[in-house]
Amino acid sequence: MSEQGLAEKLRKIDFDNQNHFRKSREDSGVNCSSCNYMGGVPKGKGEALCEHPKRARRVQLTETWGFTARDKDSIAYKSLCDKFEARDPLPEGVEVPDLSEGQAIVLSSQFCDPYHGDPKCPYVIEELKLIQSGNRTTKYNRAGEIRIADMSDMVAGEVIRDICDMPCCESKLPFQISHSEYRIREGLKPDGTEQRVWVRNEITKHGDKVKMSPEEIDAFFDLTRFETLMNDRTGKEYDRHNKISQAIDHLWENANMLGSRPLTEAPNPIKFSNRHKILGGLKLNSEKHLEIWAYDERLFDYKNIQQSMREGNIRDLENIPDGFVLCVDTNDVLDRRLTYRDFDQSRFWVYGVVKSLEDQSLISKGVSHFIEIGTLTYHDSNAFMGVYGKGFGKVARFNEQ
């Protein structure tokens, strides 16, 4: 073997650290003895040997979970690791189910408990084999059945029941778990013992009353005409208060309200709802554009936000679940004199366009889209109101003449 090939191999401790070795789920054909890389296991006797090509050398499996020494060969029939690959292919004519976005699979052999996010998951494949053969599970005598579960109204981070522990499924199911004895016993996270942060699930559809072409959206956010707005009745130029009111009415009536569904589903142009709150203040991103993070209080329990989140350091999180919304002033329409204090004491409504994100550091943390800010409207408890946008930016106190 070449030096490069040897360098790509893993010592036992490294392989085991990267690929969690555990007891397989009950009543399943998913176990080391059915893995492509298991050798030396004549049924009922012999050594259980893992020969996965990523290992520097094959190893004997000795973990016995309380079994006596004479039963050590049975370990292969009760265990698996993250690198499991089935030895036997699906029978001819049997196809894996198609999953649409927002769907998952539950299996009758597992009492429809863990969700599976990947239709090619080993547990799903074994269920298909069970269905095709007409056999039943050994311990609980259950027939095979695959059901499709609708998860479209669930949000990332929401607390749900158990999730399949295979990496192919876990990566597609970004949820908290209510409680899993299996995961707790096997040392798999999440397992339901973590602090719960995302606890709400008030699903609201996005508004869709407005439909505009890109050219119409650009014109919609150009507020230049409000700078010299005339009163049709008197023929005189409106004062500052009236101009602000007219601009706010224009924005309010011609944008779609953001619901709590995924941002990708929102039809442009959009506006915050009264449930979207700006978190912290404004920061300049790496491209020197003002950046705002907001959160949807329908999906997030603000009382549990950590200090780093309150300070607006959302980028420091390992994963950023749905409910946090990134807004960026890529067109530099905002007044950069806005301060943290403004955002602490005031109410801002963001109007803009949902766009795909290109920032790979955020994409890797679960953020795929952002709102390109077109306009901000503003009010606070002291009766100040204002608009910040392209061609027009004014603030006025409405309790004064």
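Could you please find all residues in region 255-285 being surrounded by fewer than 17 Cβ atoms within 10 Å (Cβ to Cβ), over 21 Å from the mean Cα position of the chain (by Cα) and in contact (Cβ under 8 Å) with a residue 40 or more places away in the chain?
N285
Can you report the number of residues in region 191-211 which are at pLDDT 90 or above and either within 30 Å of S79 (Cα to Cα) or not β-branched (V, I, T) (or both)?
So the count comes out to 9.
Restricting the search to region 116-152, which residues are charged (D, E, K, R) and touching a residue at least 60 places away in the same chain (Cβ under 8 Å)? Walk me through how you get there before you give the answer.
Initial filter on region 116-152 (charged (D, E, K, R)): 118, 120, 126-127, 129, 136, 139, 142, 145, 147, 150.
Passing the criteria: E126, K129, K139, R142.
Which numbered condition trips up I148, out of (1) within 18 Å of S28 (Cβ to Cβ); (2) surrounded by fewer than 20 Cβ atoms within 10 Å (Cβ to Cβ)?
All conditions pass for I148, except number (1).
One residue is enough: does region 241-262 have a residue meeting the conditions hydrophobic (A, V, I, L, M, F, W, C) and assigned to a strand (DSSP E or B)?
Within region 241-262, the first condition is being hydrophobic (A, V, I, L, M, F, W, C), and the residues that meet it are 244, 247-248, 251-252, 255, 257-258.
Those left that are additionally assigned to a strand (DSSP E or B): 257.
Within region 241-262, one or more residues are hydrophobic (A, V, I, L, M, F, W, C) and assigned to a strand (DSSP E or B).
Would you be able to say whether some residue in region 166-176 is modelled with pLDDT of 95 or more and part of a loop (DSSP other than H, G, I, E, B)?
So far as region 166-176 goes, yes, one or more of its residues are modelled with pLDDT of 95 or more and part of a loop (DSSP other than H, G, I, E, B).
Condition test on L90, is it at pLDDT 90 or above, surrounded by 13 or more Cβ atoms within 10 Å (Cβ to Cβ) and either under 19 Å from E145 (Cα atoms) or small (G, A, S) (or both)? Steps first, answer last, please.
Numbers: at pLDDT 90 or above: yes; surrounded by 13 or more Cβ atoms within 10 Å (Cβ to Cβ): yes; either under 19 Å from E145 (Cα atoms) or small (G, A, S) (or both): yes.
So L90 fits the description; yes.
Would you be able to say whether some residue in region 79-99 is hydroxyl-bearing (S, T, Y) and farther than 22 Å from C35 by Cα? Before you say what the answer is, go through the steps one by one.
Within region 79-99, the subset hydroxyl-bearing (S, T, Y) is 79.
The next check asks that each one be farther than 22 Å from C35 by Cα; those that pass are none.
No, region 79-99 contains no residue that is hydroxyl-bearing (S, T, Y) and farther than 22 Å from C35 by Cα.
Tell me the residue from E8, E95, E3, E51 that is loosely packed, with under 13 Cβ neighbours inside 10 Å, at pLDDT 90 or above and more than 30 Å from H179 (Cβ to Cβ), please. Break it down into steps so the answer makes sense when it comes.
Values: E8 fails: at pLDDT 90 or above; E3 fails: at pLDDT 90 or above; E51 fails: loosely packed, with under 13 Cβ neighbours inside 10 Å.
Only one candidate passes the filter, namely E95.
Out of D222, D191, D218, which single residue is surrounded by 12 or more Cβ atoms within 10 Å (Cβ to Cβ), out of contact with any His (no Cβ under 9 Å at 6 or more places or on another chain) and in contact (Cβ under 8 Å) with a residue 12 or more places away in the chain?
D222
The values are calculated or read from the model by the stated rules, or taken from the named source; none is laboratory data. Quick caveat, the model's predicted, so the values are computed rather than measured. Please note: Cβ atoms are built from the backbone with ideal geometry, for glycine as well, and neighbour counts cover all protein chains shown.
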